[in-house]
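A quick write-up on the structure given underneath.
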Amino acid sequence: MGTRSFHFVEDYRTLVRQLIAHLPLPEAMSRAVGGDFTAMGQIERQLLIGYGLKPDHTLVDVGCGAGRLAKQLVDYLASGRVLGTDVVPELIDYAKIGCPPTWQFTVVEDIRIPFAENEADFASFFSVFTHLLFEESFCYLLESTGIYWKHDESLSPAARSYSPFLNSSKTGRCSTMHTKRFATDCHSCT
Ligand SMILES: C[S@@+](CC[C@H](N)C(=O)[O-])C[C@H]1O[C@@H](n2cnc3c(N)ncnc32)[C@H](O)[C@@H]1O
């Protein structure tokens, strides 16, 4: 008996393969995650540091894409690491480039986070919920509460699990648009 895959798996894989077919790889990788690869990675990094990310922390970066954030954290997470997930194998391969071999990048096909409980300090979902149904986003947040209680209990769950668009008025518009048909101009949401 066959199983149905989630909408976001084929939507995003198709988009990325089209970009790779028509653009130089670095440009394709950048556009696949919304563009401004270095600048947005820096902003994501500074937001997490502002929320309390420390150099020895483990960050779970759900929907890490091409490693836009991870690549900007290589120097900062001197004794920490990134555990990234994404639904697109080509993005995961690119995310690994330049990152320490102890960092893990894993392909997923659903809304699970395949790391052990208490393994991480932070979970981030930068521009991921814009591509999921509300129910899927909610399940992802529940899932993340199992993996990020390692170090400092004084940090609130909200501070540890950073998803910039969850409470945004944009969320409804983008979520609806992207789940019906993945928009190639998804960078407008980032
Ligand atoms: C706009 S990109 C943002 C990538 C990355 N967070 C960043 O800021 O550079 C959205 C990413 O979410 C990934 N994605 C979509 N659905 C996902 C899911 N259910 N689980 C994990 N990643 C997913 C896509 O493949 C894509 O890489």
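The values are calculated or read from the model by the stated rules, or taken from the named source; none is laboratory data. Because the structure is a prediction, the values reported are computed rather than measured. Neighbour counts run over all protein chains shown; Cβ positions are idealised from the backbone, glycine included.
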Would you mind stating whether residue 77 is under 16 Å from the mean Cα position of the chain (by Cα) and either more than 8 Å from the ligand (Cβ to nearest atom) or crowded, with 24+ Cβ neighbours inside 10 Å (or both)? no
I need a count of the residues in the range 107-129 that are outside any loop (DSSP other than H, G, I, E, B), within 11 Å of the chain's Cα centre (by Cα) and within 13 Å of residue 65 (Cβ to Cβ). 1
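Given 21, 28, which one is within 13 Å of the ligand (Cβ to nearest atom), farther than 22 Å from residue 116 by Cα and of a type in the set (A, V, I, L, M, F, W, C)? So that I can check it myself, show each step before the final result.
On the way: 21 fails: within 13 Å of the ligand (Cβ to nearest atom).
Within the list 21, 28, the selection yields 28.
Being among the hydrophobic types (A, V, I, L, M, F, W, C) and over 19 Å from residue 17 (Cβ atoms) narrows it down to one of 95, 70, so name that one. Spell out how you get there, then give the answer.
Working: 95 fails: over 19 Å from residue 17 (Cβ atoms).
That would be 70, the only listed residue that is among the hydrophobic types (A, V, I, L, M, F, W, C) and over 19 Å from residue 17 (Cβ atoms).
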Among residues belonging to the range 93-139 that are without any contact (Cβ under 8 Å) to a residue 60 or more places away in the chain, within 28 Å of residue 25 (Cα to Cα) and among the aromatic types (Phe, Trp, Tyr), point out the one that is surrounded by the most Cβ atoms within 10 Å (Cβ to Cβ). 129
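Does residue 82 satisfy the condition of being under 14 Å from the mean Cα position of the chain (by Cα) and either at pLDDT 95 or above or near the ligand (Cβ under 9 Å from one of its atoms) (or both)?
On the way: under 14 Å from the mean Cα position of the chain (by Cα): yes; either at pLDDT 95 or above or near the ligand (Cβ under 9 Å from one of its atoms) (or both): yes.
Yes: the conditions hold for residue 82.
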